[in-house]
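Below is one structure, written out as structure tokens; comments come after it.
Bear in mind these aren't lab numbers, they're just calculated from the coordinates by the rules spelled out. Keep in mind it's a predicted model, so treat the numbers as computed, not measured. Positions of Cβ are backbone-derived with ideal geometry, glycine not excepted, and every protein chain shown enters the neighbour counts.
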Amino acid sequence: MARSVPEWIGKTEDSKIPDRVKLRVREREGDVCYLSGRKIMPGDIVEYDHRIALINWTGDGHGNRESNIYPVIKAKHREKTRQDVAEKAASARVRSKHLGIRKAPTMRSAGFAKAPKQRTASRPIEKWSLLK
């Protein structure tokens, strides 16, 4: 069956998903969270996630499209976002190492010299200990 409405593609990665697209996405997925597989209930807080995260998108630069958006329950979305950011950081480290890019070294001082132990009233003075 041919699609009666063209697929929505955001103009930028930050483009807000229109309500009409959110409705179509939920209908497409049958009101089921794609991360947990649980049916979305009326009291659940629903967010819309990009299956392939925008920070990890390697395609044509238009990852903000209807076919990449899925409904998720908020708690599960937070977990996936954490994983996406960790994946991006790991790939950035590997790429930086491959290209020879390193962080600038930071200057570290030698610190202060240790102060000599001070005499206290409870410890006797060992003045002649070296002469014994």
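Structure summary
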read-out: Cut-off under 5 Å, modelled amide H: who pairs with Val32 long-range; value: Ile40
read-out: Entries of Lys76/Lys97; Lys22/Lys76; Lys22/Lys74; Lys22/Lys80; Lys16/Lys97 with Cα pairs more than 26 Å apart; value: Lys76/Lys97; Lys16/Lys97
read-out: Asp19-Arg102 pseudo-label distance in nm [points 7 Å out on the Cα-to-Cβ vector]; value: 5.6
read-out: Within straight-line cross-link reach of Lys103, lysines at Cα separation under 18 Å, skipping those fewer than 8 residues along the same chain; value: Lys88
read-out: Local electrostatic count at Ala86 - Lys and Arg +1, Asp and Glu -1, tallied over other residues with Cβ under 12 Å; value: +1
read-out: Region 19-99: relative contact order as a whole-number percent, Cα under 8 Å and 6+ apart; value: 33
read-out: Those lysines that a straight Cα-Cα span of less than 23 Å connects to Lys117, excepting residues fewer than 8 apart in one chain; value: Lys127, Lys132
read-out: Per-residue Cβ neighbour rank within 10 angstrom, fewest leading, Ser122, Ser91; value: Ser122, Ser91
read-out: Global geometry of region 19-99, whether rounded, prolate or oblate, following the gyration tensor of its Cα atoms and the 1.5 cut on a/c; value: oblate
read-out: FRET E, pair Glu7, Ala75, Förster distance 35 Å, beta-carbon r, rounded to 0.05; value: 0.75
read-out: Calculated from backbone phi, Karplus (6.51, -1.76, 1.60) coupling profile of region 6-16 in Hz, x at Gly/Pro; value: x, 5, 7, 10, x, 5, 9, 5, 8, 4, 6
read-out: About the Cα centre, charge dipole magnitude for region 19-99 (Lys/Arg +1, Asp/Glu -1 at Cβ), debye; value: 260
read-out: Alpha-carbon centroids, region 95-112 and region 1-60: separation in whole Å; value: 41
